[in-house]
Amino acid sequence: MSSFYGSEPIGDVVCPLCLATSGRILYRVTPGESAKVFIRPTINPEGYRELESVIGALWGGGECRQVRCDGCGSVYAWPHRAGDARFYNLAFREHMRYPQNRWEFAAAAQFVARDAKGPMLELGAGDGAFVRTLRSAGVPAGAIHAVEYADAPREQIAAIDPALSAFSSLEQFLERAGPNACSHVFAFQVLEHVQQPVEYLETFRGLLQAGGLVCMAVPNPGHIETNEQSGLLLDMPPNHVTRFTVKGISALAERAGFEVVHSEVEPFVYRDWLREFLSYHFKRRVQNEGSVQHWIERKLPWRLATMAGAVLAMPSALLHSMKPNEGGSLFCVLRARG
Ligand SMILES: [Zn+2]
């Protein structure tokens, strides 16, 4: 089977995880191709053009490359530029829906002792779904600190229990927190969005007691790769700028004063996979102006168009359901060295 990915070598790059300076270009994207994933030009042409120019300015040019590191096998965007506030405000203008039951919440709860006193920090806490998991595991509300940048979900966290502390930024939390105080830091689906994950881990190290734990989850790179090779939606920068392998996470942990003590890939669940396949199949094809899906998008309301797109994706889904796949998340636990 021919691969969607190329293998052209590239030097003068720096892996954000292991610092290796060479890799292979999997594919290249233009600002317009990236913007299309977040805003449909057919539906919102002005928003699309604005986002395209914001992405072009971030990259400082007409293209970004997805590079697979020769050292750790992780994939990162080059230029390695994370989305800024303008990007997120445009690309995710619609109200974000936060998943309430992520697999990694239960995985992480296993690493919190029944009598845990904390303090604990969750970075990127959404509307508090994991905070509720901690509360049901018996962690006292006064031991839980949550950082959430968006106002509306942060207010929902604060409403869970008056003893909880919710902060609008990591900096705001750092002003209050003493060094080496925390027992746990949680970061679910956060580090793939940031430019310098090592700086975050170094900050976490400063917050943690020796032996304290970082419980982190990132998108599973094997799952993304199977999706992209199956013709589904591309995992586009500058939203996600790094795809972490366990080897890459180990190198990163080492640099920041941690060791990886546990790693686990989310189990495959057919129903979840099928739902994602039908949606991502449509979202990829709708970007191609000559496609039936593109025609449908222009003729039907979006909800109906996505339903028609799902029907069109069925034969391909059946074909791909014979192939092995993995769940969407990679969960790791890092222990702070003494
Ligand atoms: Zn690397």
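The values are calculated or read from the model by the stated rules, or taken from the named source; none is laboratory data. Everything numeric in this text was worked out from a predicted model, so none of it was measured. Cβ coordinates were reconstructed from backbone atoms using ideal geometry, including for glycine residues, and neighbour counts include every protein chain displayed. When the accessible area is computed, the model is the full protein with side chains, heavy atoms only, and any ligands, DNA or RNA have been set aside. Shrake-Rupley method; radii C 1.70, N 1.55, O 1.52, S 1.80 Å.
Charge dipole of the chain (Cα centre as origin; +1 on each Lys and Arg Cβ, -1 on each Asp and Glu Cβ, all else neutral): 580 debye, rounded to the nearest 20.
With an 8 Å cut-off on Cα pairs and a minimum separation of 6 or more residues, tell me the relative contact order of the chain in percent. Kindly include the intermediate steps, with their values, before the conclusion.
On the way: 616 pairs, mean separation 58.3, N = 338.
Rounded, it is 17 percent for the chain.
Asp272 exposes around 70 Å² of accessible area when a 1.4 Å probe is run over every protein chain in place. The phi-based Karplus calculation (6.51 cos²θ - 1.76 cosθ + 1.60; θ = phi - 60°) puts the 3J(HN,Hα) values of segment 308-318 at 5, x, 5, 5, 5, 7, 3, x, 5, 4, 4 Hz, whole numbers, x for Gly and Pro.
Entry for segment 42-177 at q = 0.09, 0.10, 0.17 Å⁻¹: log10 I(q)/I(0) = -0.41, -0.49, -1.01, Debye formula applied to identical alpha-carbon scatterers, no solvent contribution. Evaluated with a Cβ-only charge set (Lys, Arg +1; Asp, Glu -1), segment 270-320 carries a dipole of roughly 100 debye about its Cα centre, given to the nearest 20. Think of it this way: in the chain, Cys64, Cys182, Cys215, Cys332 stand alone, with no other Cys Cβ under 4.7 Å.
For the chain, report the accessible area per residue in Å² (1.4 Å probe, heavy atoms, rounded to an integer).
Working: 15640 Å² over 338 residues.
It amounts to 46 Å² per residue over the chain.
Counting only Cα atoms, the size of segment 270-320 along its three principal axes is 31, 20, 14 Å, in decreasing order. Between segment 80-154 and segment 163-215, the C-alpha centres lie 12 angstrom from each other.
Would you check the chain for Lys pairs whose C-alpha atoms are within less than 29 Å, ignoring same-chain pairs closer than 8 in sequence, and give me the count? Don't skip to the answer; put the middle values down first.
On the way: Lys36/Lys283; Lys36/Lys299; Lys36/Lys323; Lys247/Lys323; Lys283/Lys299; Lys283/Lys323.
Pairs that pass both the separation and distance tests number 6.
In terms of accessible area, using a 1.4 Å probe and ignoring ligands and nucleic acids, His262, His294 rank largest first as His262, His294.
On the chain, 53 percent of the accessible area sits on carbon and sulfur atoms, based on a 1.4 Å probe. Nearest 10 degrees is fine. How inclined is helix 45-59 to the longest principal axis of the chain, computing both from alpha carbons? Around 60 degrees separate the two axes.
Give the dimensionless ratio obtained when the Cα radius of gyration of the chain is divided by 2.2 N^0.38 Å. Working shown, then result.
On the way: Rg = 20.5 Å, N = 338, 2.2 N^0.38 = 20.1 Å.
So the chain has a normalised radius of gyration of 1.02.
Ratio to report: Rg/Rh of segment 212-338, with Cα atoms as the point set and Rh obtained by the Kirkwood method; give two decimals. Numbers along the way, then the final one.
Details: Rg = 18.2 Å, Rh = 16.5 Å.
Ratio of gyration radius to Kirkwood radius for segment 212-338: 1.10.
Just how large is the dipole of segment 166-252 about the Cα centre, in debye to the nearest 20, putting +1 at every Lys and Arg Cβ and -1 at every Asp and Glu Cβ? Can you show the working numbers first?
Values: 4 positive and 8 negative charges, 48 e Å.
That gives segment 166-252 a dipole magnitude of about 240 debye.
Between the helical axis of 246-256 and the longest alpha-carbon principal axis of the chain there is an angle of about 40 degrees.
Rounded to two decimal places and with Rh computed the Kirkwood way over Cα pairs, what is Rg over Rh for segment 1-104? Can you show the working numbers first?
Numbers: Rg = 15.9 Å, Rh = 15.4 Å.
Dividing the radius of gyration by the Kirkwood radius yields 1.04.
Round to the nearest 10 and give me the degree value, 0 to 90, for the angle of helix 197-207's Cα axis relative to the longest principal axis of the chain. Helix 197-207 sits roughly 20 degrees off the main axis of the chain.
Percent of Cα-Cα pairs more than 17 Å apart in segment 189-247, please.
Values: 828 of 1711 pairs.
Above the 17 Å cut-off, segment 189-247 has 48 percent of its Cα pairs.
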